[in-house]
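So the structure is just underneath, and the comments pick up after that.
Nothing in this text is a laboratory measurement; each read-out follows from the coordinates by a stated rule. Quantities reported herein were computed from a predicted structural model and do not represent experimental measurements. With ideal geometry, Cβ positions are generated from the backbone for all residues, glycine too; neighbour counts draw on all protein chains shown.
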Ligand code: B12
């Protein structure tokens, strides 16, 4: 069978400002799962494309694939001040494919996995696989090739005989043992495009962390530090890359494992520079931050943990503790604060601004409202307050800003941000 995999992400910014182009490692994991002795594989990455639709058209006409898998990374840029919705571009690509070929279209990826049914419906693909998909994808390719049924594959999304979309139960979980096929991507173009190449260290079982997710670490898939070291060494040997992003739902949690990973990197003398997400955690200490720095961490992206009913005062205290530890270890960090959450008042806005001034992050993001995602407390509030009638509407960029602060919030934040060049409003 001829299989074409297309990475559709063309976004080149992080927090609407810093130039960051994430390497489509999820798609590269899928490519690695295809048995190339039995199937012909092509990968098309649209990140650097000038005209995505015509590049797809050219490859589809020439290669004549039987199956086209498209990865969808972001629903949107999560900016209420300058919202950019990414799904219409994918819909245009699939529409063009349909005009040119009868091949089956399959979608997957982080954005798709958040709202599989709505996403499949909107972009008009035939099939989808939600969640980790390398193993499920390999199974699907074999089943399609053999003309066998595939509705039992965990996470598969399809239309039934009445054209109703069915999202099957369960999800495959991957151990990430088989290395992603980065050789099929233009890695030279990615080198230097900000934040480094993704290397998975640990991912939550609840695949896409939302404010309601469990950040305790209990259900996380943790990769052996030695395997991480080997992957970094291969990136260096094969592509000359020494800047990586540890793909992790919270690198520092649990601290014991984070320290073991740092020590393995130090012992291997890799001289790598890395970044990752860090979340408030009671077991974090200055030793951890020092090990992170010594092993090459150049930026810790500070993110909130699960809200778990905590008031914003407690949440800021948790972040401030992490900021102090980072500062003590000389480790630069970023801070990301949402304004306009339910119950926000003039006083709490001022407290958050004081907090940001105090912690002196290398780069701070001030979010004017929060992008509401389904299955979260914010979605429940939005439903209750009539902002949305159904969670399905959240496929489009939708933001929660408390009515009590809505009229003046953006102006007030703009006024303050004008004084702090390292503050970014979005
Ligand atoms: C690390 C990360 C980042 C890093 C990336 C660093 C780097 N160099 O790679 C940074 C900090 C830069 C970042 C930035 C952003 N991110 Co981010 N990021 C993540 C995170 C934590 C991991 C992504 C990852 O690499 N996973 C590991 C790989 C192996 O998995 P994967 O890509 O999901 O692929 C698997 C499956 O999805 C599936 N799959 C993938 N492709 C395909 C294709 C087909 C056909 C099929 C069947 C299956 C399939 O199989 C793969 C293998 O198992 C996720 C959350 C999460 N836990 O997933 C958010 C996430 C992807 N990010 C998200 C967002 C929104 C952003 C930003 C827009 C934030 C912002 N406001 O700027 C930017 C966009 C940057 C850009 N230019 O595109 C969202 C996207 C969904 C959404 N809400 O729209 C996520 C899901 C977080 C969330 N819960 O909201 N991000």
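As a rough footprinting exposure proxy, the listed residues 81, 387 were ranked by other beta carbons within 10 Å of their own, and the order from fewest upward is 81, 387.
Residue-normalised convex hull volume from the C-alpha trace of the range 2-167: 113 Å³ per residue. Counting only alpha carbon atoms, the long axis of helix 87-100 and the longest principal axis of the chain meet at about 10°.
Based on a Kirkwood Rh over C-alpha pairs, give the Stokes-Einstein translational diffusion coefficient of the range 268-412 at 4 °C and viscosity 1.567 mPa s in µm²/s.
Working: Rh = 16.8 Å.
D, rounded to a whole number, is 77 µm²/s.
Counting only alpha carbon atoms, the long axis of helix 346-359 and the longest principal axis of the chain meet at about 90°. At an R0 of 22 angstrom, the distance between the Cβ atoms of residue 85 and residue 383 translates into a FRET efficiency of 0.55.
Peptides 251-259, 153-161, 50-58: what's the order by average Cβ count within 10 Å, highest mean first? Write out the running numbers ahead of the final one.
On the way: 251-259: 20.8, 153-161: 17.7, 50-58: 14.8.
The most tightly packed comes first, giving 251-259, 153-161, 50-58.
Considering the chain, its Cα convex hull presents a mean projected area of 20.5 nm². In a fully extended conformation the segment linking residue 345 and residue 178 would gain 55.2 nm over its present Cα-Cα distance, using 0.36 nm per residue.
Give the percent of DSSP beta bridges with both residues in the range 2-167 that are antiparallel, rounded to the nearest 5. If you can, show how the numbers build up before the last one.
Working: 8 of 27 bridges.
Here the antiparallel bridges make up roughly 30 percent for the range 2-167.
Sorting 92, 126 by the number of Cβ atoms found within 10 Å of their own Cβ, with the fewest placed first, yields 92, 126.
Neighbour counts of other Cβ atoms within 10 Å put 6, 97 in the fewest-to-most order 97, 6. Relative to one another, the C-alpha centroids of the range 242-296 and the range 1-74 are positioned 30 Å apart.
Applying 1/(1 + (r/R0)^6) with r as the Cβ-Cβ distance of residue 416 and residue 283 and R0 = 22 angstrom yields a FRET efficiency of 0.05.
Listed highest first by mean packing, meaning other Cβ atoms within 10 Å per residue, what order do 31-38, 285-292 come in? Let's see the in-between values first.
Working: 31-38: 14.9, 285-292: 19.8.
For the peptides 31-38, 285-292, the packing ranking is 285-292, 31-38.
Would you mind telling me the antiparallel percentage of the DSSP bridges in the range 182-425, rounded to 5? Could the numbers behind the result be given before it?
Values: 5 of 30 bridges.
Just about 15 percent of them are antiparallel.
The slack in the chain from residue 12 to residue 238, taken as 0.36 nm per residue of separation less the alpha-carbon distance, amounts to 78.9 nm. Overall shape: oblate for the range 1-77, with the ratio a/c of the largest to smallest alpha carbon gyration tensor axis at 1.5 or above and b/c at least equal to a/b. Ranked by the mean number of other Cβ atoms within 10 Å of their residues, highest first, the peptides 11-23, 327-339 fall in the order 327-339, 11-23. Restricting attention to the chain, close to 25% of DSSP beta bridges with both partner residues there are antiparallel. Springs join every pair of Cα atoms under 10 Å in this Gaussian network model of the chain, and among 109, 69, 311 the largest mean-square fluctuation is at 311. Fully extending the segment from residue 321 to residue 408 would add 28.3 nm, taking 0.36 nm per residue of separation and subtracting the current Cα-Cα distance. Placing a label point 7 Å from the Cα of residue 166 along the Cα-to-Cβ direction, the residues of the range 120-140 with a backbone N closer than 17 Å are 120-121, 126-130, 140.
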